[in-house]
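Data first, discussion second: the structure below is written as structure tokens.
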Amino acid sequence: MIISSASSNAEFAQIYWTKYLQPRREAFSIVLERAKARQEVKPDLDPGLVFDTMSGIMLYAMIFQPTPESWEAYVRRSLELVLR
């Protein structure tokens, strides 16, 4: 419902981005920057791109259930692949 609303209503899309997605994207960036400082992830990792990639993977997994494993296991496995 959110995706169809955002795709057909630019004002809704902007509000959703500003109030919901952008704050979460910024918080996620802080987490990844801390992981970079601890050398737990690659130093050139783009936090915004990782957030967007994981959001897409999670949306896909919720809609299509691509594997028999749990949603959580699939997303964790995907995250490990992205952060490798």
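The values are calculated or read from the model by the stated rules, or taken from the named source; none is laboratory data. For clarity, every value in this text was computed on a predicted model and none was experimentally measured. Cβ placement follows ideal geometry from the backbone for every residue including glycine, while neighbour counts extend to all protein chains displayed. To get the accessible areas, we keep the full protein, side chains included, count just its heavy atoms, and leave off ligands, DNA and RNA. Shrake-Rupley method; radii C 1.70, N 1.55, O 1.52, S 1.80 Å.
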Subject >> Mean separation of Cα contacts under 8 Å, 6 or more apart, over the residue count of segment 4-84: relative contact order % >> reply: 21
**OP:** Filter the DSSP H helices in the chain by two things, a Kyte-Doolittle mean of at least 0.0 and an axial alpha-carbon span of 20 angstrom or more, and list the hits by number.
**Re:** 47-64
Subject >> Solvent exposure, largest accessible area first (probe 1.4 Å, DNA, RNA and ligands not counted), of ARG84, ARG76 >> reply: ARG84, ARG76
Subject >> Heavy-atom accessible area per residue - the chain, 1.4 Å, Å² >> reply: 77
**OP:** Grab the Cα-Cα distance for PHE28 and PHE64, subtract it from 0.36 nm times how many residues apart they are, and report the gain in nm with one decimal.
**Re:** 10.5 nm
**OP:** Report the charge-dipole magnitude of the chain in Debye, nearest 20, computed about the Cα centre from +1 at each Lys and Arg Cβ and -1 at each Asp and Glu Cβ.
**Re:** 180
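Could you check how much of the accessible area of the chain is carbon and sulfur, as a whole percent, using a 1.4 Å probe?
Whole-percent figure for carbon plus sulfur exposure: 59.
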Original post:
From Cα coordinates alone, what are the radius of gyration and Dmax values for the chain in angstrom?
Top reply: 14.7, 42
Subject >> For GLU26, solvent-accessible area (1.4 Å; no DNA, RNA or ligand), Å² >> reply: 110
